[in-house]
Amino acid sequence: MDIQSHRYVADTDDYIKHYFKLEPEIVQGVYDRMVSGKHYVPGKGWRYEGRALRWSSRKDTEVAFYNYVVAICEAIRTNYESEAAKSAYNCSWSKSPLKGPFFNENTPLIPSSILLFLGDGNARKSVEKLIEFKDESEKFMRLESAWWRKIGVIMQVKRKESDDAVDHVTELMGYLKQVLLKQLDRWFVPGLLLTGTYLSSWMVDRSGAVWMDKSFDINEEPKKFIQIILACSNLPPERLGWDITMKLWKELGPDRCIHSFAERVNLDDYKNITYEPNWVIEMPAANGTQERERFLTTQALSVPEAGCDFVISAGSILFRKNPSHDLEICLLHNTSSSEWLLPKGRKDRGENVEVAAVRETFEETGYPCELWPLTMPTRAPIPGNNSFDDVVAIGDGLVEPIAVTVRDLGVKGAKIIWWYITIATANERVVGTQASYEAFEPHFLEPSEAVRRLTYQNDQEIVQKAWDIVSGSQ
């Protein structure tokens, strides 16, 4: 999405009428209820618990102001809920954590914003779980990735108009782009920017953005504010950017084919999907009639990544022979998260992937090791063979990777992990090889117990595959 090349500005009134179209009597009715409920005082502005919605003093913290805005947005939403919205999805306005995980000192993994979040109260509470995780554990990454898929609208809130306005807009654009990256069934995403009491809006799609030419004071023009919040909360999904011809394919449960914004879709439906989910896509029938045909994507839809948007990692399944000459597999017990994991880590610059796998295994386990030549299936050609035949062959003494996994890192892109089989070259563990922030305890376990003990199903499948190769080579 190239915002620099595809920017369009629209008259504010025309913009609101087009993108947030509601009947005037609906807006007037909610306005009247806001006045009678003392949420809005004509001539003075919005109120929350009797206080004016303004950055009126240094005592007004960002957290408090967020709470004020969320409460007013929820009051507007709950004073009118359309049948279209109630039948399609459940949503509410919520603030995300103001202090969440960061992947560098300036950019949070999740936005400190007010969100129109799809789902019930339990789904919103899952947002708070994000601040419990400070590393790149798969548990965090799956939850963070699922969380992005439940965002309907993002509202950035800033203290006042300032010279940082461009930075505020750039930050919002980045978050809206991330929504589009995660929600493959979205044509566009609405974004709001509230600086002080001045509101502006952007509509961002995969080619660029359009926005209103002037912001407006929500205290002085409350009906415009009501119309935007009402529209975001109640318009049919397709008016908020969802492609209703696409449905999420769920392998388990009664709803095999369901819209991603449906109330019955929760975070767990996404959290347990390792890669991008498959979709059922509806299209006009090829026979030219009014009939519709549905197609199931058999390969996950994806978005191309730039070179800086992915990292290459390598790990291994480390074997050793115990005193009884039985084979055991080394797992890492992360004492800070209670997870059972496999040793792995990022490849250094200029380092071969195979070398990285051995190095990371040694550093995280403390056991010297080497790649273990084994009999295994491979599609790699024999050196010097120029044939284009793509066939699976069994080779002896191979040290090829046995698996590759791709893990979603949210706004950080993707992590590509190559997996190898290694064998310990010494029985004594070297102490002090782990990084200062690592808290791993290595344990050698019988293969079936190692598979059972691992926290994540992907790791279980990789270990089982490694054990099958090793068993077949004996």
For the range 178-223, enumerate the residues that are part of a strand (DSSP E or B), surrounded by fewer than 21 Cβ atoms within 10 Å (Cβ to Cβ), modelled with pLDDT of 90 or more and among the hydroxyl-bearing types (S, T, Y). Y198
Identify all residues within the range 343-360 that are open to solvent by less than 50 Å² (accessible area, probe 1.4 Å) and under 28 Å from the mean Cα position of the chain (by Cα); write none if there are none. P343, K344, G345, V353, A356, A357, E360
Quick one: E441 ticks every box in (1) within 33 Å of the chain's Cα centre (by Cα); (2) surrounded by fewer than 14 Cβ atoms within 10 Å (Cβ to Cβ); (3) part of a helix (DSSP H, G or I) bar one, so which box is it? (3)
How many of the residues making up the range 314-342 are aliphatic (A, V, I, L, M) and either part of a loop (DSSP other than H, G, I, E, B) or surrounded by fewer than 18 Cβ atoms within 10 Å (Cβ to Cβ) (or both)? 2
Could you list, in sequence order, the residues of the range 224-251 that are in a strand (DSSP E or B) and touching a Ser or Thr at 6+ places or on another chain (Cβ under 6 Å)? L248
What number goes with the only condition from (1) among the polar types (S, T, N, Q); (2) in contact with a Ser or Thr (Cβ under 8 Å, 6 or more places away or on another chain); (3) at pLDDT below 95 that T422 does not pass? (3)
Test E441 against the stated conditions and say whether it is touching a His at 6+ places or on another chain (Cβ under 7 Å) and either within 22 Å of N322 (Cα to Cα) or among the hydroxyl-bearing types (S, T, Y) (or both). yes
For the range 361-384 the number of residues that are buried (at least 19 other Cβ atoms within 10 Å of the Cβ) and among the acidic types (D, E) is 1
Could you tell me whether any residue of the range 376-394 is touching an Asp or Glu at 6+ places or on another chain (Cβ under 8 Å), more than 22 Å from W340 (Cα to Cα), of a type in the set (V, I, T) and at pLDDT below 95? yes
Has the range 365-372 got at least one residue that is within 20 Å of A435 (Cα to Cα), in contact with a Lys or Arg (Cβ under 6 Å, 6 or more places away or on another chain) and at pLDDT 95 or above? yes
Name, by its number, the condition in (1) open to solvent by 40 Å² or more (accessible area, probe 1.4 Å); (2) assigned to a strand (DSSP E or B); (3) closer than 26 Å to E328 by Cβ that does not hold for V406. (3)
Checked A64, A75, A71 against criteria (modelled with pLDDT under 80 and of a type in the set (A, V, I, L, M, F, W, C)); the one match is A64
Within the range 25-39, residues open to solvent by 90 Å² or more (accessible area, probe 1.4 Å) and either within 16 Å of E221 (Cβ to Cβ) or not in a helix (DSSP H, G or I) (or both) come out as K38
Filter the range 227-238 for residues that are surrounded by fewer than 20 Cβ atoms within 10 Å (Cβ to Cβ) and touching a residue at least 24 places away in the same chain (Cβ under 8 Å) and give the result. P236
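The values are calculated or read from the model by the stated rules, or taken from the named source; none is laboratory data. Keep in mind that this is a model prediction, so the values were computed, not measured. Cβ: placed from backbone, ideal geometry, glycine included. Neighbour counts: every protein chain shown. Please note that ligands, DNA and RNA were not included when accessible areas were found on the heavy atoms of the full protein model with its side chains. Shrake-Rupley method; radii C 1.70, N 1.55, O 1.52, S 1.80 Å.
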